[in-house]
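J.: Before I ask anything, let me first share the structure, which is written out below as structure tokens.
Nothing in this text is a laboratory measurement; each read-out follows from the coordinates by a stated rule. Everything numeric here is computed off the predicted structure, so don't read it as measured data. For neighbour counting, all protein chains shown are included, and Cβ atoms are generated from backbone atoms with ideal geometry for every residue, glycine included.
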Amino acid sequence: MSVIEAIDAIKSGLMWIGLSALAAVTAGVVGAWLCRGVASAMRRPLAVARIVAFVTVSAFCVIRGGAKFLMPPPTTGGTPVVPVVVTPEEIAQGWRLESVVTNDAVSYVMPEGISPSFNWHKRGTFGEWARLDLGDFAFPLGTNDGAVTSFSVFNDGRIRPTPRDAAREVCAVGVPMLAMQGASRFWVGEEVATERDPPRIRLTWENFFLNADTNAPVNAQIELVANGDFVTRSNDVERICRRVEPFDWDGDGLENTVDPDPLVAGADAHGTNAEWYNVVCSNVLEAVEGDGSAGTPRPTLSWLDDVNTNAYYFVDVVTTRTV
């Protein structure tokens, strides 16, 4: 089955699996509202009509299988955050390019206590590769792949699980480079996991030369994260890539089988991660993602300034599609 066929199957055949969860959410919202205001509402016919209308529209949305929460999109520095859209090509390769930024604060100089991984710095090399064992570090490369614990490292800034596996290549440069004797070093540095970050490992090409031109030095780095994300760097250009999870393509906290739109994150009917909270509840709270290495991260929620924390807050449910 192709990726497109899988998506159509999810949208048509498995959509009803998630309706019970959505119905429970809607029922909770309606119940809280009714418990708070039903006494006063019953004394006002107009209020009663509004309650009936709200329940009717909500029930219609749930029954028809197409509800989304509408809230103003979150902003970063005044700029609206655009929801993540995953393409079938990204699903097939197992990762997506999230952003390209300039980062001139990275140091490519080998720290003290670390030795070069290969002898390229002693004899020089051009167009060569060597095998690198990552030890206890495991990297889940691709959508359906198991963890990779060793790579073929090319001196032109690329790595592959095997020398001929171009489909799963991670590339920082990709242009022929010279490792000059006595000047170039390839080294590996590992960072221990923290409370907020999973473990990661950095593969660094220090002071190599494009096309053997000594007037064109380049530093490069590939940073692998234990959760499947990775970053590639070439001098001050940094590319941040995110893994496409095989069970949650858009990474919104909903598995594909119950996600009304498994290719679009940030606006689905229900979610559990920080991004979902920041999209749906951006008017009243801010969410920070939990420790991803725990397997089931729990976001930390905090009220925004000038928000009445003793009030009830609701979201509008509207029909966005029908079955």
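J.: Relative to the Cα centre, what is the charge dipole magnitude of the range 95-243, using +1 at the beta carbon of each Lys and Arg, -1 at the beta carbon of each Asp and Glu, and rounding to the nearest 20 debye?
T.: 400 debye
J.: Ignoring solvent entirely, what values of log10 I(q)/I(0) come out of the Debye formula for the range 95-243 at 0.13, 0.21 Å⁻¹ when each Cα is a single scatterer?
T.: Calculated log10 I(q)/I(0) at the listed q: -0.55, -1.49.
J.: Please order 136, 165 by the number of other Cβ within 10 Å, starting at the fewest.
T.: 136, 165
J.: Could you list 209, 230 in order of exposure, starting from the residue whose Cβ has the fewest other Cβ atoms within 10 Å? Display every interim value, and only then the final one.
T.: Values: 209 19, 230 22.
Ascending number of Cβ neighbours within 10 Å: 209, 230.
J.: Sequence-distant or interchain residues sharing an amide H contact under 5 Å with residue 237, placed H: which?
T.: Sorted by chain and number, the residues that satisfy this are 103.
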